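The values are calculated or read from the model by the stated rules, or taken from the named source; none is laboratory data. Quick caveat, the model's predicted, so the values are computed rather than measured. Cβ sites come from the backbone with ideal geometry, for glycine too, and all protein chains shown count toward neighbours.
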Ligand code: GLN
């Protein structure tokens, strides 16, 4: 990562990033450009360098912030109409940590509203375009962040991954994307989607950059009681010997499958053993995810009422109508679908049939990963069943959009880390991403091992 020094100033790095952001305006990557704030911070860092003072590990590095991280710079909208006009009084812990090391936010990135989606087509601000083909989706929900890194506007971008929102857009745009172990990075100050699966992570161009960011961001936070003590900086790198592949994820007649097989052959030549795994419980993962996650969404989104945050419908003359109209006008159709599904699966009479069953399936999935990691060190799978699809192809068919997540959501249900790595290209020039999966707390070794696949 290029940091600022006496010859290359932070101001230069920030100005270059801002110029590139302007140049790629038609990709619809940013919901806010932080020109004034970024240049001010850059000048402060340059002054420190000029005085010979110590600067942080990310001094002057421009980065892009997914629009669901709270900070007072710009409105935090989660790309949703209902949060328009909301400026946060607090700063997310992850943002504080990055900026304490000198990183400079140059803009907020577009996403599916409230992170519900796999294409950014559910953003109130319209879709972000794919870095390799403007007729295709960026992936989602963190599409803006992935494209900002892929087009080299910034060195890194933040993301959130509840069911694949970092890994799938990373794979669609040929960059690295990490969903860490659940609890590794504090989620304080990040708009909640589904609290039992939400994770904070990053998009980068190299594994070493990813490791640096994780070493800055990881650790326990008294403001997020699900965070783990900092195992990232304390853990040793473990050498892998056996790599698992999941039989149940076989993709017939697919270039992604060929890419996976090719990578396995390369690993075998390097002396690794490839182990075939049967993980039959994973077939329940998508259904369990689309019950558990909407249930948590329904509860997390109940706070948006037109009174406390952002947008308020002007149409109403009593309190009930104010809630109703604000929520009807402020949420995107996908948000509403999830609120309805969530409240349905939690309602008395249906709770046992849906939510409880899904929770049991989740336990089976957790156990299946534990068994799998007795047979291998890491697992290698596709990130998604297809490369970037065309804009408009799935947006009117929620089930086909949900099927995008079939290979990414099992990790979130189990809390294990996954790193999307750029692994090749399709015959029509679209990036192919593969996903390395490790046991909980193996993040550091996972990132290191990804270098074997470069
Ligand atoms: N595409 C998945 C969904 O729509 C994942 C979203 C996410 O990780 N935030 O739920």
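When you go through 248, 253 one by one, which is the residue that is more than 16 Å from the ligand (Cβ to nearest atom) and assigned to a helix (DSSP H, G or I)?
Just a single option satisfies the conditions, and that option is 248.
Regarding residue 185, is this residue closer than 21 Å to residue 119 by Cβ, buried (at least 24 other Cβ atoms within 10 Å of the Cβ) and modelled with pLDDT of 95 or more?
no
Could you list all residues from segment 177-191 that are within 14 Å of the ligand (Cβ to nearest atom) and either outside any loop (DSSP other than H, G, I, E, B) or within 18 Å of residue 228 (Cα to Cα) (or both)?
177, 178, 179, 180, 182, 187, 190
Report the residue count in segment 25-45 for those that are closer than 21 Å to residue 139 by Cα and without any contact (Cβ under 8 Å) to a residue 12 or more places away in the chain.
The number of residues fulfilling the criteria is 1.
Being in a strand (DSSP E or B) and farther than 17 Å from residue 24 by Cα is the filter; apply it to segment 141-169 and report the residue that is farthest from the ligand (Cβ to nearest atom).
That would be 158.
In this structure, is residue 123 in a loop (DSSP other than H, G, I, E, B), at pLDDT 95 or above and buried (at least 24 other Cβ atoms within 10 Å of the Cβ)?
Here the answer is yes, as residue 123 does meet what is asked.
Pull out all pairs, ordered by first then second residue, where Cβ-Cβ is under 7 Å, the residues are six or more apart or on different chains, the first lies in segment 187-198 and is on the phi > 0 side of the Ramachandran plot, and the second is in a loop (DSSP other than H, G, I, E, B) and more than 10 Å from the ligand (Cβ to nearest atom).
Short answer, once both residue conditions are applied: 189/70; 189/90; 189/91; 189/92.
Filter segment 418-447 down to residues that are in contact with a helix residue (DSSP H, G or I) (Cβ under 7 Å, 6 or more places away or on another chain) and within 14 Å of residue 214 (Cβ to Cβ) and give me whichever is surrounded by the fewest Cβ atoms within 10 Å (Cβ to Cβ).
The residue in question is 441.
Residue by residue, here is whether (1) in contact with a helix residue (DSSP H, G or I) (Cβ under 9 Å, 6 or more places away or on another chain); (2) in a loop (DSSP other than H, G, I, E, B); (3) closer than 20 Å to residue 177 by Cβ; (4) within 16 Å of the ligand (Cβ to nearest atom) holds:
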{"position": "195", "(1), (2), (3), (4)": "yes, yes, no, yes"}
{"position": "212", "(1), (2), (3), (4)": "no, no, yes, no"}
{"position": "215", "(1), (2), (3), (4)": "yes, no, yes, no"}
{"position": "238", "(1), (2), (3), (4)": "yes, yes, no, no"}
{"position": "243", "(1), (2), (3), (4)": "yes, no, yes, no"}
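With the requirement that a residue be buried (at least 17 other Cβ atoms within 10 Å of the Cβ) and either touching a strand residue (DSSP E or B) at 6+ places or on another chain (Cβ under 6 Å) or not in a helix (DSSP H, G or I) (or both), what does segment 330-359 give you?
The answer is 331, 332.
Every residue, every condition in (1) within 22 Å of the chain's Cα centre (by Cα); (2) under 27 Å from residue 140 (Cα atoms), yes or no:
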site: 268; (1), (2): no, no
site: 271; (1), (2): no, no
site: 279; (1), (2): no, yes
site: 285; (1), (2): yes, yes
site: 290; (1), (2): yes, yes
site: 298; (1), (2): yes, yes
site: 309; (1), (2): no, yes
site: 317; (1), (2): no, no
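On the basis of being in contact with a helix residue (DSSP H, G or I) (Cβ under 8 Å, 6 or more places away or on another chain), more than 16 Å from the ligand (Cβ to nearest atom) and at positive phi, does residue 102 make the cut?
Yes: the conditions hold for residue 102.
Scan segment 376-406 residue by residue and report those that are within 17 Å of the chain's Cα centre (by Cα) and surrounded by fewer than 21 Cβ atoms within 10 Å (Cβ to Cβ).
Matches in segment 376-406: 402, 406.
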